[in-house]
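Below you'll find the structure, written out as structure tokens, and then a few comments.
The values are calculated or read from the model by the stated rules, or taken from the named source; none is laboratory data. Here the structure is a predicted model, which means the values were calculated and not measured. Positions of Cβ are backbone-derived with ideal geometry, glycine not excepted, and every protein chain shown enters the neighbour counts. Accessible surface areas use protein heavy atoms only, side chains included; no ligands, DNA or RNA. Shrake-Rupley method; radii C 1.70, N 1.55, O 1.52, S 1.80 Å.
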Amino acid sequence: MTAFPIKTVYMKTLAVGPQESNIQLLISVPKRHFKHAVDRNRVKRQLREAFRKNCSLLGSRLSEGEHVDLAFVWMAPTHLDSAKVVARVVSLLCRIADKVGTVPPAQP
């Protein structure tokens, strides 16, 4: 799923054992797009903060024992304002939440 410049991949599974959270996040900002670590870290900080503020959009849709692994990949060599990043993350989380409610979880 894509909301340019963010691409996301997710997998819904049944949780195995007790877990602190039912959503696990991976963030990738390729060195190909941003040569300097400072730039990559800025984008990762923006994505993490946008997810932290809006993770309830997805978490509220998961029933007991369900778990979602989620990956955000930055696809553009340019920076965006934090407000635009938040809007795109919200869009992706809402679309994933709609699909998570209908797709049966994969067996671990």
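Miscellaneous remarks
- Selection count where residues are loosely packed, with under 15 Cβ neighbours inside 10 Å and of a type outside the set (D, E), scope the range 14-23: 6
- Qualifying residue in the range 80-99 (condition: under 15 Å from M11 (Cβ atoms) and not in a helix (DSSP H, G or I)): no
- Pairs meeting the criteria (first residue in the range 86-101 and of a type in the set (D, E, K, R), second residue crowded, with 18+ Cβ neighbours inside 10 Å and modelled with pLDDT of 95 or more, beta carbons under 7 Å, at least 6 apart or on different chains) are R88/I6.
- Scan of the range 30-69 for residues that are of a type in the set (A, V, I, L, M, F, W, C), in contact (Cβ under 8 Å) with a residue 40 or more places away in the chain and either assigned to a loop (DSSP other than H, G, I, E, B) or open to solvent by 100 Å² or more (accessible area, probe 1.4 Å) (or both), ordered by number: F34, L62
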